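To start, the structure itself, in structure tokens.
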Amino acid sequence: LTRRQMETLSRQRDRWVGDGLSSEVVQKRVEFASAKALRDRVWNIARTETLQASNAGQVEAWRTARGEGLLDPDLVKEFITTPDDRLCPICELLDGEQRPLDVAFSFGGLNPPVHPSCRCAVGMTTPKETAQRRSA
């Protein structure tokens, strides 16, 4: 568990003791809460690493396709968020940001995720300036 999770668990244990629960009940609750927190952390890491591999693999596939002349060299990658009530303020600012394939986004990475539990993705598109000229 992380230090933060351990501190939260410790505060909860202190509350249970303060509520007058027996040491056996407190111990069982601590074990249950610890196992749940560990399970949640494992899933969080797995989801985040899977998203990292997926986005990195997609960018690498585009890079390879471009190198083989199969992809328009003017296309750029674009940062894509999920616009819902779980969208974090960090990623919200990155939505729609475009960069050449080999250039990092403004957060410093070549592709999402930006943070643990990040649900963002990377897409391929025509640069905004080109798209605006075409529609004018």
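The values are calculated or read from the model by the stated rules, or taken from the named source; none is laboratory data. Every value quoted in this text rests on a predicted model; they were computed, and no experiment measured them. Here the Cβ positions follow ideal geometry from the backbone for every residue, glycine too, while neighbour counts run over all protein chains shown. In case anyone asks, the SASA skips ligands and DNA or RNA and just uses the protein heavy atoms, side chains included. Shrake-Rupley method; radii C 1.70, N 1.55, O 1.52, S 1.80 Å.
Observations on the structure shown:
- Residue-normalised accessible area of segment 69-133, given per residue in Å² at a 1.4 Å probe: 57 Å²
- Estimated vicinal HN-Hα couplings, Hz - segment 11-21 in sequence order (Karplus 6.51, -1.76, 1.60; Gly, Pro = x): 5, 5, 4, 4, 5, 5, 5, x, 6, x, 6
- Straight-distance crosslink candidates among lysines, where the alpha carbon sits under 23 Å from K77 and sequence neighbours closer than 8 are dropped: K128
- Pairs of alpha carbons in segment 1-72 whose separation is greater than 16 Å (percent): 64 percent
- The spread of Cα positions in the chain, taken along each principal axis and listed from longest to shortest, comes to 72, 31, 20 Å.
- ³J(HN,Hα), Karplus 6.51/-1.76/1.60, whole Hz, each residue of segment 111-126, x for Gly, Pro: 7, x, x, 8, 7, x, 6, 5, 10, 6, 9, 10, x, 10, 7, 6
- Atom-type composition of the exposed protein surface of the chain places 54 percent of the accessible area on carbon and sulfur (1.4 angstrom probe).
- Here each label is just a point 7 Å from Cα along the line to Cβ, and for D14 and Q52 those points are 3.3 nm apart.
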